[in-house]
């Protein structure tokens, strides 16, 4: 049988022994908490799938925007900006930033974007005065 041995510790020794045990216990506790906080394989797979889905959605939005822009440019280049009776079909106004902006009412193309004059402020954009005159194509 093992004999009982008596150990004598001073208060400082006991305090250091307890502090060491507490530090080791805290380190074990921190390690266990960190291990619990790690995502599981299932969570990692779900996160990866969500990232891939978000990347696909972003690419789809980019492709859609590019396609819409190409369609808009094609429509604008094919538009003659005139009503069936030959009158220019645009509208606009003098804006607070001191610019005159006129937009085609068919294709929404910005037709005029220029600084406003005093005449524009008093009478409206001068281009709209000539809008009522029908356009007659020149046959060469």
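Please treat every number below as a calculation from the coordinates, not as lab data. All values derive from a computational prediction rather than experimental measurement. Neighbour counts run over all protein chains shown; Cβ positions are idealised from the backbone, glycine included.
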| query | Where q = 0.18 Å⁻¹, what log10 of I(q)/I(0) comes from the Debye formula for the stretch 38-78, counting one point per Cα? | reply | -0.60
| query | How many nm separate the modelled label positions at residue 112 and residue 6, each set 7 Å beyond the Cα in the direction of the Cβ? | reply | 11.2
| said: Rounded to two decimal places and with Rh computed the Kirkwood way over Cα pairs, what is Rg over Rh for the chain? | reply: 1.66
